[in-house]
Amino acid sequence: MIPFHPGVAFGVHSTCIEISDGGDSSIFIDMGSGVVPAVNTALNRGVRNFLVLMTHLHSDHLNGVFGCAAFYREDCSLDILSTRADTEKAFRTLFASPFHPVDFDDLLATIRFIELPKHGTREISDPQVSVSWAQVPHPQGCTAYRFDDGENALVFATDIELGKTEFTDGIKMLLATPKPAGLAVIDGFYAPEEIGSFANWGHSTWKEALDIAAETGVPNVVITHHHPGKTDAELEALADRGKPAVWARERQVWTLSGNKATKAQ
């Protein structure tokens, strides 16, 4: 029997990460299938207010919305921020027949959509961070984000084609300004020997991720958005080749203190 997904040890979920200071609010990036267990864990901690930043609206970054428990609770609120003007339309389309039995207007949570300019900076009060963002090369567009709390900085850049060097000023700025981020989570969909066949597909190699981190002074890199067709053994081999970068795994936790990143699990 062929397993549904060959990368069980690395995780089967599509993109979602949580940024938290341990308080009763959380920032989430994207709502891939990983949002289901992530939100459940946050709810169990007492989180009721969710700030969601969307990188883009491709289905693998939205396919967790149906199982996201916060949508169905009156005591929850979700602010969904995106640089795309059609974000609310996309959510309303998904929460409607024939895709879902519960219409968007019947969801119990308080939901607000906020359109962001294509690049900029915004202060978040809980958790207290400054969020900056820029556009990165990907079919139909994608947004990368930087989070600063005055001491620590994290950059998240999924679905980015770093080989398009003429379009990477935005990500370089996020990685390096006002100081190098302590941790960068960067797309590494392909191995270096594969990328030549996939120009304009909107993804990078782990080597390109390491190269741009070194260029901008970022000391720690996590490779994300693995190729879903690769087995655990293939991903382990890539992770071994791609050191010192760390390959993202389901429920992996990092902490930042003094802008130094430590993998907790």
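The values are calculated or read from the model by the stated rules, or taken from the named source; none is laboratory data. What you see is a predicted model, and the numbers here were worked out from it, not measured in a lab. Heads up, the Cβs are rebuilt from the backbone with ideal geometry, glycines too, and the neighbour counts pull from every protein chain shown. Accessible surface areas use protein heavy atoms only, side chains included; no ligands, DNA or RNA. Shrake-Rupley method; radii C 1.70, N 1.55, O 1.52, S 1.80 Å.
Taken over the stretch 133-174, the residue count meeting the criterion of being closer than 18 Å to P117 by Cβ, among the polar types (S, T, N, Q) and surrounded by fewer than 20 Cβ atoms within 10 Å (Cβ to Cβ) is 2. Pairing each residue of the stretch 227-252 that is outside any loop (DSSP other than H, G, I, E, B) with any residue that is surrounded by fewer than 17 Cβ atoms within 10 Å (Cβ to Cβ) and at pLDDT 90 or above, provided the two are 6+ apart or on different chains, yields C-beta distances under 7 Å for V246/K263. As for the stretch 79-93, it holds at least one residue that is of a type in the set (G, A, S), open to solvent by less than 30 Å² (accessible area, probe 1.4 Å), in contact (Cβ under 8 Å) with a residue 12 or more places away in the chain and out of contact with any Leu (no Cβ under 6 Å at 6 or more places or on another chain).
Rundown of residues vs (1) of a type in the set (S, T, N, Q); (2) within 14 Å of the chain's Cα centre (by Cα); (3) more than 17 Å from H225 (Cα to Cα), yes/no style:
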{"site": "K118", "(1), (2), (3)": "no, no, yes"}
{"site": "G141", "(1), (2), (3)": "no, no, no"}
{"site": "N152", "(1), (2), (3)": "yes, no, yes"}
{"site": "I160", "(1), (2), (3)": "no, yes, no"}
{"site": "K172", "(1), (2), (3)": "no, no, yes"}
{"site": "P178", "(1), (2), (3)": "no, no, yes"}
{"site": "V185", "(1), (2), (3)": "no, yes, no"}
{"site": "P192", "(1), (2), (3)": "no, no, no"}
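Please go through the stretch 94-112 and give me each residue that is assigned to a loop (DSSP other than H, G, I, E, B) and either in contact (Cβ under 8 Å) with a residue 60 or more places away in the chain or in contact with a Ser or Thr (Cβ under 9 Å, 6 or more places away or on another chain) (or both), ordered by number. Matches in the stretch 94-112: F99, D103, A109.
On the basis of being assigned to a loop (DSSP other than H, G, I, E, B), open to solvent by 20 Å² or more (accessible area, probe 1.4 Å) and farther than 30 Å from A42 by Cβ, does K207 make the cut?
Working: assigned to a loop (DSSP other than H, G, I, E, B): no; open to solvent by 20 Å² or more (accessible area, probe 1.4 Å): yes; farther than 30 Å from A42 by Cβ: yes.
Spelling it out, it is not the case that K207 is assigned to a loop (DSSP other than H, G, I, E, B), open to solvent by 20 Å² or more (accessible area, probe 1.4 Å) and farther than 30 Å from A42 by Cβ.
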